[in-house]
Amino acid sequence: QVQLVQSGSELKTPGASVKVSCKASGYTFISSAINWVRQAPGQGLEWMGWINTNTGNPTYAQGFTGRFVFSLDTSVSTAYLQISRLKAEDTAIYYCARDPPSGWQFDDWGQGTLVTVSS
Amino acid sequence: QSALTQPRSVSGSPGQSVTISCTGTNNDVGAYNYVSWYQQHPGKAPKLMIYDVTKRPSGVPDHFSGSKSGNTASLTISGLQAEDEADYYCCSYAGSSFYVFGTGTKVTVL
């Protein structure tokens, strides 16, 4: 069965960087895009963008350009989200989600990674 | 891209039906039949409930249904059950490989 397993919670100070991983299994990794979704404490879901796992080409939503980088290591079927120059308002749960080939929805989700930014 | 508009909360008694609206624009909900709905229980990851406006993934109970008219999509939960109490989010494809989520609706079973 399809599984997306994310790395554990992170506590960072403002200005630091963080890298969240999302390891996929149960399907051919390069056949499905990986999306990233943010959920701030007590708030709704916010689509951050996606990465083409076949080409490595990322697409970023408005508000997620500059400090946010999506990357891949296809040899271990893993997608990464790196956030640099962290701010308190980056405190959130970050989810990875798979959208299937020729699909326009997010079929499978990781369990989420809580990133806390605090001095 | 602005978030799609959903009511903050809806409620109903067990066995009743509730409908959640999701209002977008001619550039997202109104332009594509690619609206999906997600259920999120507290502390859990979202779960796909409806895709392509009306389709249910395998394993999703058939008392969940979706529809769309113009720029507004809807999720109806018929025969409300205690386990349906959760947050629900719509999501629409918005063109050029972009997506937008709704503001989210808390469903309470009275």
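Which residue, B:Ser17, B:Ser69, B:Ser92, tops the fluctuation ranking in a GNM of chain B built on C-alpha contacts under 10 Å? With Cα springs under 10 Å in chain B, the top fluctuation among B:Ser17, B:Ser69, B:Ser92 is at B:Ser69. Each principal axis of region A:21-81 carries a Cα extent, and these read 34, 23, 15 Å when sorted largest first. As a test, work out the antiparallel percent of DSSP beta bridges whose residues both lie in chain B, rounded to the nearest 5. Antiparallel bridges make up about 85 percent of those DSSP assigns within chain B.
Can you put B:Ser96, A:Ser31 in order, fewest other beta carbons within 10 Å first? Provide the component values of the computation, followed by the final result.
Details: B:Ser96 7, A:Ser31 11.
Exposure proxy ranking, most exposed first: B:Ser96, A:Ser31.
For the residues of A:100-111, the average number of beta carbons from a partner chain within 10 Å of their own beta carbon is 5. Based on Cα contacts under 8 Å between residues 6+ apart, chain B shows a relative contact order of 38 percent.
Under 18 Å between alpha carbons: how many lysine pairs meet that in chain B, if sequence neighbours fewer than 8 apart on the same chain are excluded?
Taking the Cα cut-off of 18 Å, the pair count is 4.
Relative contact order for region B:58-110: 27 percent, from Cα pairs under 8 Å spaced at least 6 residues apart, divided by residue count. Note on chain B: with a GNM built from Cα contacts shorter than 10 Å, the maximum mean-square fluctuation among B:Gln16, B:Gln39, B:Gln81 falls on B:Gln16.
On the principal axes of its alpha carbon atoms, region A:12-119 extends 41, 27, 24 Å, with the longest extent given first. Look at the alpha carbon pairs under 8 Å that are at least 6 residues apart: their mean separation over the length of chain A gives a relative contact order of 36 percent.
Taking every pair of Cα atoms in the protein assembly as shown, average 1/r, invert it to obtain the Kirkwood radius, and report Rg/Rh to two decimals.
Details: Rg = 17.3 Å, Rh = 18.0 Å.
Rounded to two decimals, Rg/Rh equals 0.96.
Considering only the Cα atoms of chain B, their convex hull presents on average a projected area of 6.4 nm².
GNM remark for chain B: springs join alpha carbons under 10 Å apart, and the peak mean-square fluctuation among B:Asp84, B:Asp28, B:Asp62 falls on B:Asp62.
Coordinate-derived values only; no laboratory data. What you are looking at is a predicted structure, and each value in this text was computed from that prediction instead of being measured. Every residue, glycine among them, receives a Cβ derived from its backbone with ideal geometry; neighbour counts consider all protein chains shown.
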